[in-house]
Amino acid sequence: MKERISSVLIIGSGPIVIGQACEFDYSWTQACKVLKQLGIRVILVNNNPATIMTDPEFSDATYLEPLTPFFIEEIIKKERPDALLPTLGGQTALNLAVQLYEIGILQKYNVKLIGSNIEAIRKAEDRELFKKAMEKIGLKVPQSEYVKSIEEGISFAEKIGFPVILRPSFTLGGTGGAIAYDLEDLKVKLEKALIESPIKKVLLEQSVIGWKEYELEVMRDKKDNFVVVCSIENFNPMGIHTGDSITVAPAQTLTDKEYQKLRDYARLIINEIGVETGGANIQFAVNPENGETLVIEMNPRVSRSSALASKATGFPIAKIATLLALGYTLDEIPNDITKKTPASFEPSIDYCVVKIPRWDFEKFKEVDDTLGVQMKSVGEVMAIGRNFKEAFQKAIRSLEIERFGLGCDGKDEIEILGKDENLKNQILERLKQNKWDNFFWIRHAFKLGATIDEIYTATKIDKWFIYNLREIVEIEEELKNTDIFKTALENPNLAKELILKAKQNGFSDIQLAHIWKTTEKEIRSLRKKLNIIPVYKTIDTCSAEFESYTPYFYSTYEFENESTPTQRRKILIIGSGPNRIGQGIEFDYTNVHAVFALKEEGFETIMINCNPETVSTDYDTADRLYFEPITFEDVMNVIELEKPEGVILSFGGQTPLKLAKLFESEGIKILGTSPQSIDIAEDRGKFAQLLDTLGINYPPGDYANSIESALEIARKIGYPVLVRPSYVLGGKAMKIIYRENVLIDYLKHEIKISKDNPVLIDKFLEDAFEYDVDAICDGKNVLLLGIMEHIEEAGIHSGDSSCVYPPFMSSNETIQKIIEYTQKIAIALNVIGLINIQFAEKDGIVYVLEANPRSSRTVPFLSKATGIPFARIATKILVKNSDEVMQEFNLKNFNHKTVKIKACKTPVFSFSKLPNINVFLGPEMRSTGEVIGLSYSLGESFAKAQIGAGNNLPLYGNVLISVNDRDKNEKIISIAKEFINLGFKILATDGTAKFLNLNGIKAEKVFKVNEGHPDIVDLIKEGKINFIINTPLGETSRFDEFAIGRNAIKYKVPFVTTLSAGFSAVEAIKKLKEGKLTIKSLQEYHREIKYEFAK
Amino acid sequence: MRKAKIALENGIVIEGVNFGAEGETYGEVVFNTALTGYQEMITDPSYKGQILIFTNPLIGNYGINDEDIESRSPQVAGVVVREISKFYSNWRASESLDSYLKRHNIVGISNVDTRFLVRQIRDKGAMRGVISTLDFDDKSLIEKARSIPQMSGLDLAKFTTTEESYIFNPENNAKFFVVLYDFGVKLNILRKLEKLNCKVLVVPAHTDAKDILSLNPDGIVLSNGPGDPSALTYAINNIKKLISKKPILGICLGHQLLSLAVGGKTYKMKFGHRGSNHPVKNLITEKIEITSQNHGFAVDPESLKESDVEITHISLNDGTVEGIALKNFPVFSVQYHPEASPGPHDSEYIFKNFVYLLQKTQNNVF
């Protein structure tokens, strides 16, 4: 009997942080579809605006409200859902469900928990209970003990010996987790871990570092039917967080006896924990010496690994978990792919899947890039091949780290010329450290003559994997020893055999080009001449035992091609690749919308992408899905097979865009803005020229290729300057510099300026107001979607800036100029589709900072705020008459100025996951996600965004104000007054205190760092500062600001860096004190907005 | 790298690389979709006369060990894989698959598009085939494939049954005494029975029912085995005589023989069920078991309609009969492999149910 449920509340996982990425958007989007199909009313709450799940058509009532018990209670009170499904929204949703239960909200409103129960969640999440449960069923776990103090920790560690693993309770992504190697180490790390745990409890655990690590993705229904969806073997041994481990599916080095033991254990565990229905992920450690097996942990919910397992097998875990929660049993659910067989089976796969995490240490230079029990990666890629080597090399080139396989791609760190025992030993030492890029160094070690055993001793990676890496190196050597062009002439069959072997083992054309000292194009044409082209195999859940009806493919080099293109009109959409800083879920969002729009227009959609976390790689999204790396070679192969009438690459961010020129040179039709226009916008010189002809201001600056010329430019334009290497995208290695000696140092040591490595030097507009603008253009007309005003100091990357839509502190003239410039630029660039432009205003002059003729990070935010599906509109403009499109979406009267809603976007950082990180923001983006705050008042929206981002605005206490001279003005006076009216006490640094006192505001002077004690940092630590307004004082105070900022984050004190933000914060605190925060669903907002512009 | 070729009777010939022994081998070409357990499969006597394709493309990774065998030596006629691992890694392994097959003179072929072959078999049905490292002439290979006898009508059990009776666990002071008809028994069936306190006498397939009954066992097991069950008329006749006398458990071929003995019919399936992921519904408990299967023939449910037989298990993939029980006697059988090996352990209860019947018989409940 099915549950009688007519409405379900589902909780999203909120902003993207390390350990919780867009896999939960993928799982909820699947769930929403299922629930809607069953006619169940879906009430959804998630404050991440860039998710597909929060699109209003996916649920009946969509709340972009903060994920806190307060807001969720309000939603429950209003919507009165029958049930809460907590297992598809990651740790965030699960924790909230427990909280709601503990406070009694679920009971009060009679909301039934489905898909899990509180007892099971507790048993799985609380390690002490989990340990007991495992002992009860006779399974072993690593020895462990909960400690609440450093003393307890020391006594346990002395009992079991070092190393010891620290795991704080109730954190996600292993936050605060660490390995302590000795007593001193333990003291430091335990202190931090105790702070991290919301319940101040830390589990100390016996280390099983070096053991083999396995995961089983399992499902169970209410009749106790049980299936293993996928087994996963970690390439990296125990000791490295699974999220940071390279993983392989299916398990490769277990016999059936050993595998079935894990399966038996998994079944016992899920029963004992009491997961009645749904999915779970169970991790095991296996001793490589004797097979001893320990249970490591169990997640009683859909997880990152389940998203991976779903993509790896074609078995949609989230969808099925939803149905099971509603009372279906596995045999009642059909397998989507085979249609004829039920979901009550265990997928069989006839390929090898490799996941490699995507780290972004380049953006976090000061963070130790050693891998350990705390997850540090920001995304991941998955690749599929018929053997491990092929999948592994494909995964490397999917990472978009400018590498094209396991070395020999022209990018190797070192070139190994001969055997060198010394170097070999150095490398073996390095391998012991578990750096993320160890696999490249394993190759070096092999080239230096290292043995499998030596590498095993250093890394504890299973020898089977090490052997496979060696095979790759051996093939490389074999290729090197052949003169391929000569062979191709003399013995084409031999040449073919050799290239085929290389391709079957994952070598890219770029690697072959490097090995044979030619170009990628030459290799490509040689390959085609020898008829070596990839075939596409189907991911079908069943190893071809049954016919499959879902065109979900991967490439390999074999005999039979299974992908038969249709005769339909079709368009290829290129995905956005792995999530990383600056290239996140927003671009998958716009790509998915492009798919939806094209489907509506009757096109067949073809998606190519390699990110397993996304909605775009759900086989349900596009008509045809190719799970492939986003490189010229791999995409071209698909294009040549499918022959789409056009390719869309302006919706997926930088990843696809950088392929534009290459495709154009192949005569591929690129829909939307031309590659020439893209080039003009991206080339600083050409863009400046364009702005000159349009009479638009931009910060003065120029290229320099020597220190002398750089200094000359800097002197001419005046300090501070914004400096960056010209080849760099997304603000990488950008710096604001105030003085010549610092500039010299930077150019010499950080950038290594040279003729081949020119640097761009721009005037930095300190204290400017910055704006982000998105617009759609059909080449003639421009539809401005919205202007967003940054409320972070200038010079902070737009992705890291809180912003407000619409602008609220700007003059009409400024807004007019922004509108005018946007129109001029979009038309001059002949933009077809979306364009994002960044502006700055200083002293009444509006400057253009940059223009990106593509989809932007803010498009989903604006769509959520206005209810207008801009990405869909922009897509339709690519394929049909724009008047028709405007009509279809009823946009004739749309005017961004009349939208009454106030939306605030606030970035979210994963700083707590990255020890020693520099928390100070700058021109390099460092945030991993964002939240939205929505309402009809600025204060309320700001409050919601702050709460949603985890910055708890205080209701009372002390406000520290430290502002620069320009900000010692009326605005800060009124802000301070407001705070005093709200009952706060003002603390201020010397100059600010004097200024405030002079203006009749009581402010107590406090010491800066190094002025004496207690200084600001002391006060933060003592909890005597509850809010900070600190506007930048130029270079000299950066050290102080850095210390304040770092401690503010550590001790969770909210701080703002502009008066706009200070003003917003005061408004927000006022709203909070009034207790007048309201909730409203997107559907309600959008009805009201549409009513507005229908008038 | 030695060249090898595989040819199917439908005219497909693929070139690959030889591993294991050199030579030429013939058989019905079938595929198994299990992800683990190549050692168990290769040594499973039910594969007698068959060339086995592993759909898992990476075979040999964990080598061969001394324990995970289902009979004393490899039984398959030949092995087809996408990639054979030259290196193995497992703490129990003692040699590589390649050397093991060489030692036992089993021909293998690697580096072939196994998925293509599987799709051929799926669409066209199980086919006869040949692997050769001696003959590379496509026409000749196809001719050879076509000249092998069809599986239908073949008694292969005569090659896999034991020649002499023996007690599997002589030292064991077991509570129950079971006679097992050996048509090609997998060792794990014997191990499971031993574990459940049974002393097992393994007897040749031809053993007369009278001789069995004279031993007065507590129960009888009809083992798995290769080939067409309908060709084993001698066994069917003996089973008929045993049905009303003793509790009986039939497994796989044993299940088919029991069905034939009660008047049912068997038929050759298009390409059979071979894998470790087959969902079977127990119609009595309504629970689903993920089962290990290896059968190319099945029992026709229509043919059982008139008999006193209840269908107890069906395949959820295609509805085929996966288990029956006699209504009036403690006699039942399953088409799948409750002993797993390889495969999940969901169906171990089948042995427990059998032993429960033995207990009841000892207690004279029947």
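No value in this document is a laboratory result; all are computed from the given coordinates. On a predicted model such as this, the values are computed, not experimentally measured, just so you know. Cβ coordinates were reconstructed from backbone atoms using ideal geometry, including for glycine residues, and neighbour counts include every protein chain displayed.
General observations
- Links that overshoot a 25 Å alpha carbon limit, given the list A:Lys365/A:Lys411; A:Lys33/A:Lys339; A:Lys463/A:Lys521; A:Lys123/A:Lys432; A:Lys905/A:Lys1076: A:Lys463/A:Lys521; A:Lys123/A:Lys432
- Across chain A, the volume of the C-alpha convex hull divided among the residues equals 173 Å³ per residue.
- FRET efficiency, 1/(1 + (r/R0)^6) with R0 51 Å, evaluated for A:Asn893 and A:His1013 via beta carbons: 0.25
- Here the dipole of the protein assembly as shown is about 2000 debye; that uses its Cα centre as origin and unit charges on the Cβ of Lys and Arg (positive) and Asp and Glu (negative).
- FRET efficiency for the A:Asn999 to A:Arg739 pair, using the beta carbon distance and R₀ = 45 Å, is estimated at 0.90.
- Inter-label distance, A:Lys880 to A:Lys900: 3.2 nm, where each label sits 7 Å from its Cα along the C-beta direction.
- Computed label-point distance, nm, for sites A:Lys752 and A:Leu982 using a 7 Å Cα→Cβ extension: 5.0
- Ranked by how many other beta carbons lie within 10 Å on average, peptides B:55-63, B:190-198 from highest: B:55-63, B:190-198
- Spin-label model distance (nm) - A:Lys529 vs A:Leu129, 7 Å beyond Cα toward Cβ: 6.9
- Amide hydrogen proximity for A:Phe1027: with H placed 1.01 Å from N in the peptide plane, the residues at 5 or more positions away or on another chain lying under 5 Å are A:Asn958, A:Leu960.
- Across chain A, C-alpha contacts under 8 Å between residues 6 or more apart give a mean separation that, scaled by the residue count, equals a relative contact order of 10 percent.
- Per residue of chain A, the DSSP helices (runs of n ≥ 4 H) give a summed -39500 (n - 2.57) that works out to -11500 deg cm²/dmol at 222 nm.
- A simple count of charges around A:Ala828, restricted to other residues whose Cβ falls under 13 Å of its Cβ and scoring Lys, Arg +1 and Asp, Glu -1, yields +1.
- Note on A:468-477: average number of Cβ atoms from other chains within 10 Å of each residue's Cβ is 1.
- Residue pairs exceeding 18 angstrom between C-alpha atoms, taken from A:Lys140/B:Lys352; A:Lys780/A:Lys880; A:Lys424/B:Lys86: A:Lys140/B:Lys352; A:Lys424/B:Lys86.
- Peptide A:216-229 - average C-beta neighbours from other chains (10 Å radius): 2
- A Gaussian network model of chain B, with springs between Cα atoms under 10 Å, assigns the largest mean-square fluctuation among B:Ile142, B:Ile284, B:Ile51 to B:Ile284.
- Residue-by-residue Karplus 3J(HN,Hα) for the range A:565-580, coefficients 6.51, -1.76, 1.60, Hz, glycine and proline x: x, 8, 8, 6, 6, 9, 9, 9, 10, 8, x, 9, x, x, 5, 7
- Normalised contact order of the range A:871-938, rounded percent, pairs of Cα under 8 Å and 6 or more residues apart: 35
- Over the range A:393-540, relative contact order from alpha-carbon pairs under 8 Å, at least 6 apart, %: 25
- Computed about the Cα centre, the dipole magnitude for the range B:168-253 is approximately 260 debye when only Lys and Arg (+1) and Asp and Glu (-1) carry charge, each at its Cβ.
- Farthest positive-ward along chain B dipole, Cα basis, beta-carbon charges - from B:Ala126, B:Gly153, B:Ser347: B:Ser347
- Zone of B:Asn363's modelled label, taken as backbone nitrogen in the range B:320-353 under 20 Å from a point 7 Å along Cα→Cβ: B:328-332, B:349-353
- Evaluated at q = 0.24 Å⁻¹, a Debye calculation over the C-alpha positions of the range A:515-584 (equal weights, vacuum) places log10 I(q)/I(0) at -1.09.
- Between A:Gln676 and A:Glu970, full extension at 0.36 nm per residue minus the direct alpha carbon distance yields a gain of 101.1 nm.
- Label zone at A:Tyr1051 (point 7 Å along Cα-to-Cβ), backbone N below 20 Å, the range A:994-1014: A:1003-1014
- Among beta bridges that DSSP assigns inside chain B, antiparallel share in %, nearest 5: 60
- GNM flexibility winner over chain B from B:Asn294, B:Asn216, B:Asn32 (Cα, springs under 10 Å): B:Asn216
- Cross-link pairs exceeding 18 Å in C-alpha to C-alpha distance, out of A:Lys419/A:Lys447; A:Lys447/B:Lys3; A:Lys864/A:Lys944; B:Lys186/B:Lys281, comprise A:Lys447/B:Lys3; B:Lys186/B:Lys281.
- If R0 equals 51 Å, the separation of the Cβ atoms of A:Phe70 and A:Ser665 corresponds to a calculated FRET efficiency of about 0.35.
- When you filter the trypsin sites (Lys or Arg not before Pro) in the range B:293-366 for DSSP loop state and at most 16 other Cβ atoms inside 10 Å of their Cβ, you are left with B:Lys305, B:Lys327.
- Choice from B:Glu348, B:Glu22, B:Glu302 with maximal GNM fluctuation in chain B (Cα, 10 Å cutoff): B:Glu302
- Close amide H pairs (under 5 Å, H built 1.01 Å from N) link B:Glu95 with B:Ile64, residues at least 5 positions away or on another chain.
- ³J(HN,Hα), Karplus 6.51/-1.76/1.60, whole Hz, each residue of the range A:846-853, x for Gly, Pro: 9, 10, 9, 8, 6, 10, 10, x
- Label-zone membership for the range A:611-639, site A:Gln567, 7 angstrom Cα→C-beta point, backbone N under 12 Å: none
- Translational diffusion of the range B:3-147, µm² s⁻¹ [Kirkwood Rh, Cα pairs; Stokes-Einstein; 20 °C; 1.002 mPa s]: 145
- Coil-residue trypsin sites (Lys or Arg not before Pro) of the range A:940-1046, DSSP, other Cβ within 10 Å capped at 13: A:Lys1002
- Along the range A:231-245 the Karplus relation, 6.51 cos²θ - 1.76 cosθ + 1.60 evaluated at θ = phi - 60°, assigns HN-Hα couplings of 9, 10, 10, 7, 5, 7, x, 3, x, 10, 3, 4, x, 9, 9 Hz to successive residues, with x for each Gly and Pro.
- Rounded to 5, the percent of DSSP beta bridges in chain A classed as antiparallel: 70
- Taking 0.36 nm per residue of separation and subtracting the Cα-Cα distance, full extension of the segment from A:Asp224 to A:Glu813 would add 205.3 nm.
- In plain terms, the chain from A:Phe162 to A:Lys1073 could stretch by 323.0 nm, reckoned as 0.36 nm per residue minus the Cα-Cα distance.
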